[in-house]
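Each value in this text was obtained by applying a stated rule to the coordinates, not by laboratory testing. Keep in mind the model is a prediction, meaning the values are calculated, not measured. Glycine gets a Cβ as well: all are built from the backbone with ideal geometry, and neighbour counts include every protein chain shown.
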Ligand SMILES: Nc1ncnc2c1ncn2[C@@H]1O[C@H](COP(=O)(O)OP(=O)(O)OP(=O)(O)O)[C@@H](O)[C@H]1O
Ligand SMILES: [Mg+2]
């Protein structure tokens, strides 16, 4: 069994800032229970990364951490095993997951969810969508491409400074359009919180709840997300019509077969 401090936040600098150290201690306790530490060490043994470096974000369902691998970085998403409720997940997603996983116990559900995010990221890569490259997963831990630079993680679109909203709109149409038309997936929770802004372009993240574009709910989900995004881009100073946006990403092809008849 690896010692937590050897693989998670092992850098000596952490002792320089006592308050930060306390925060990290809390995160260690919250996310890296015994089973999760074993999963982390398994991924380290596979050569996925050398150590977990620092937290990028910690939410109710999981945390995202930067990891180091030689001179490079990785992003490591850890779904909480303890205290996860899936309360924030849409019921359709949990339903689908239960079918997919045939998982009877709760841990199994979380592992299936982690695998699902990995699989969907793969499909997005195959379709040429800008999303993190998935590198591997084990149990409740997913390793993917780190979106950002040595200075830090890329900001969420919500927090980014967008100087060309018209170009942003074109970029969103291209990436969401690829997701819908080529990957045949609807994200299901697309918002400026789940899109990163990196090197002037968008990167779609947080994809575990995505559904196939012929899913009964797919159209309604896409409509909702497009309406919100149309408002967001319009607020940035580039007026966007939601119906036009919806058509531009191939929205009319989304929905169960024969639904239009
Ligand atoms: N590959 C990545 N590279 C860099 N940063 C990332 C990456 N993936 C996620 N992040 C950061 O972590 C945050 C949370 O990731 P994500 O949206 O996938 O998880 P979540 O389950 O929705 O967590 P939360 O509830 O905090 O939103 C993102 O908003 C982003 O800032
Ligand atoms: Mg998110």
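If the viscosity is 0.890 mPa s and the temperature 25 °C, what translational diffusion coefficient in µm²/s does Stokes-Einstein give for the chain when Rh comes from Kirkwood over Cα pairs? Numbers along the way, then the final one.
Details: Rh = 19.4 Å.
Value of D from the Cα-based Kirkwood radius: 127 µm²/s.
Give me 193, 169, 92 ranked fewest to most by other Cβ atoms within 10 Å of their Cβ, as a rough exposure proxy. Walk me through the intermediate numbers first.
Working: 193 13, 169 22, 92 17.
Arranged by neighbour count, lowest to highest, 193, 169, 92 become 193, 92, 169.
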## Note on the structure
Note: the stretch 141-180 at 25 °C, 0.890 mPa s; Kirkwood Rh on alpha carbon pairs; Stokes-Einstein D in µm²/s works out to 199
### Message
Largest first, please: the extent of the C-alpha atoms of the stretch 186-235 along each principal axis, to the nearest Å.
### Response
34, 23, 13
### Query
Projected area of the stretch 154-253, taken from the Cα convex hull and averaged over every viewing direction, in nm²?
5.5
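Counting helices only, and only those DSSP H runs with n ≥ 4, report the 222 nm mean residue ellipticity of the chain as the sum of -39,500 (n - 2.57) divided by its residues, in deg cm²/dmol to the nearest 500.
Working: 8 runs with 104 residues, N = 261.
Helix-only estimate at 222 nm: -12500 deg cm²/dmol.
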### Query
What is the Cα radius of gyration of the stretch 204-261 over 2.2 N^0.38 Å, N being its residue count?
1.22
### Query
Pairing the Cα long axis of helix 165-181 with the longest principal axis of the chain, what angle in degrees results, from 0 to 90 and rounded to the nearest 10?
90
### Query
Does anyone have the angle between helix 106-126 and the longest principal axis of the chain? Alpha-carbon axes, 0 to 90°, nearest 10?
60
